[in-house]
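Notes to accompany the following structure.
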Amino acid sequence: MRIHVLVEGKSEEILISKWGPRALPNHQVVPHAHQGKGDIPANPASKPDPRKRGLLDLLPATLRAYAKADDVAVLVLVDADKENCVDLKQRLLKLAERVHPRPSRLLFRIAVEETEAFYLGDVAGLKAAYPQADIRKAKKYRPDSVCNTAELFGEIVQDGGLNKVAWAEAMADTLTTKKQGSRSPSFRALLGAFEKLVADPDTPIPPQKPRKPKHWKSRHSSTRKRMGG
């Protein structure tokens, strides 16, 4: 099966292009980079604004285009940034409900707070890619916490230049492909999405509804951090 992974930019494209074949060696994993995250359009039926090229800006039109293809699955991977990831997931699912046609095999996954959370969740992979990294500091990181993740990763690997493309190049070769290898709930959810997409290619994936925790706390609470998938 061919899985099209829609991502925000170059660093995520590099990560998926190198790590994806390791995670799914018997399938095609094709990343598609955009010019940033963008915003969900108010009217998904309208034509995209040519001035806006972000992932979410173009998402309705992109989904309609992929709906016409055979043997295709689509995974949308977006950073939560400072947004509440549950609210973001709900908005993405509501958007998908308003897009017709759309791919029958479509899933959304969210990196909490940024893609660097995936790297920090795999201490072994981090150490393999960056032997000089401050592993003690990495182990103190609370997985999927909102803490300026990219800046923290730069401190840990002693590269404060926010060189996200270089980080993706390095981590893609060592990042785990197993759920048990990561402390990041949002990364484990990403692996789970790949499993769902390839499990039964002939069966559409039913619409998903994110569940709000019973004891809902603030957007920076530990409960919120576990809702990355």
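Before moving on, here are some points about what is shown:
- Residue match in the range 165-186 (condition: under 19 Å from residue 11 (Cα atoms) and without any contact (Cβ under 8 Å) to a residue 40 or more places away in the chain): yes
- Residues of the range 173-199 satisfying the condition of being in contact with a Pro (Cβ under 6 Å, 6 or more places away or on another chain) and not basic (Lys, Arg): 184
- When restricted to residues that are aliphatic (A, V, I, L, M) and within 11 Å of the chain's Cα centre (by Cα), the range 1-24 contains 5.
- Scanning the range 153-169 for residues that are surrounded by fewer than 19 Cβ atoms within 10 Å (Cβ to Cβ) and in a helix (DSSP H, G or I), we see that the one that is farthest from the chain's Cα centre (by Cα) is 155.
- Of all residues in the range 142-150, none are in a helix (DSSP H, G or I), over 15 Å from the mean Cα position of the chain (by Cα) and at pLDDT 95 or above.
- Every condition in (1) in contact (Cβ under 8 Å) with a residue 40 or more places away in the chain; (2) touching a helix residue (DSSP H, G or I) at 6+ places or on another chain (Cβ under 8 Å); (3) among the small types (Gly, Ala, Ser); (4) under 24 Å from residue 163 (Cα atoms) holds for residue 45 except the one numbered (4).
- Leading residue by the ranking (surrounded by the fewest Cβ atoms within 10 Å (Cβ to Cβ)) among those in the range 64-102 that are within 18 Å of the chain's Cα centre (by Cα), part of a loop (DSSP other than H, G, I, E, B) and not polar (S, T, N, Q): 82
- Screening 138, 150, 117 for residues that are in contact (Cβ under 8 Å) with a residue 40 or more places away in the chain and under 23 Å from residue 11 (Cβ atoms) leaves exactly one candidate, 117.
- Of the candidates 124, 67, the single residue that is touching a Lys or Arg at 6+ places or on another chain (Cβ under 6 Å), farther than 18 Å from residue 16 by Cβ and aliphatic (A, V, I, L, M) is 67.
- Meets criteria (free of Cβ contacts under 8 Å to residues at least 60 places away in the same chain, touching a helix residue (DSSP H, G or I) at 6+ places or on another chain (Cβ under 7 Å) and either on the phi > 0 side of the Ramachandran plot or assigned to a helix (DSSP H, G or I) (or both)) for residue 133: no
- All positions within the range 1-12 that are surrounded by 17 or more Cβ atoms within 10 Å (Cβ to Cβ) and either more than 17 Å from residue 66 (Cβ to Cβ) or modelled with pLDDT under 95 (or both): 8, 9, 11, 12
- Long-range neighbours under 7 Å by Cβ, at least six apart or interchain, first residue in contact (Cβ under 8 Å) with a residue 60 or more places away in the chain within the range 15-35, second of a type in the set (Ser, Thr, Tyr) and surrounded by fewer than 18 Cβ atoms within 10 Å (Cβ to Cβ): 22/177; 23/177
- Exclusive hit being farther than 28 Å from residue 26 by Cβ, modelled with pLDDT under 95 and either assigned to a helix (DSSP H, G or I) or among the β-branched types (Val, Ile, Thr) (or both), set 224, 219: 224
- The number of residues in the range 59-103 that are acidic (Asp, Glu) and within 22 Å of residue 10 (Cβ to Cβ) comes to 3.
- Any hit, the range 183-199, residues being in contact with a helix residue (DSSP H, G or I) (Cβ under 9 Å, 6 or more places away or on another chain) and among the β-branched types (Val, Ile, Thr): no
The values are calculated or read from the model by the stated rules, or taken from the named source; none is laboratory data. Since this is a predicted model, take the numbers as computed values, not measurements. Counting neighbours? That spans all protein chains shown, and the Cβs are built from the backbone with ideal geometry, glycine included.
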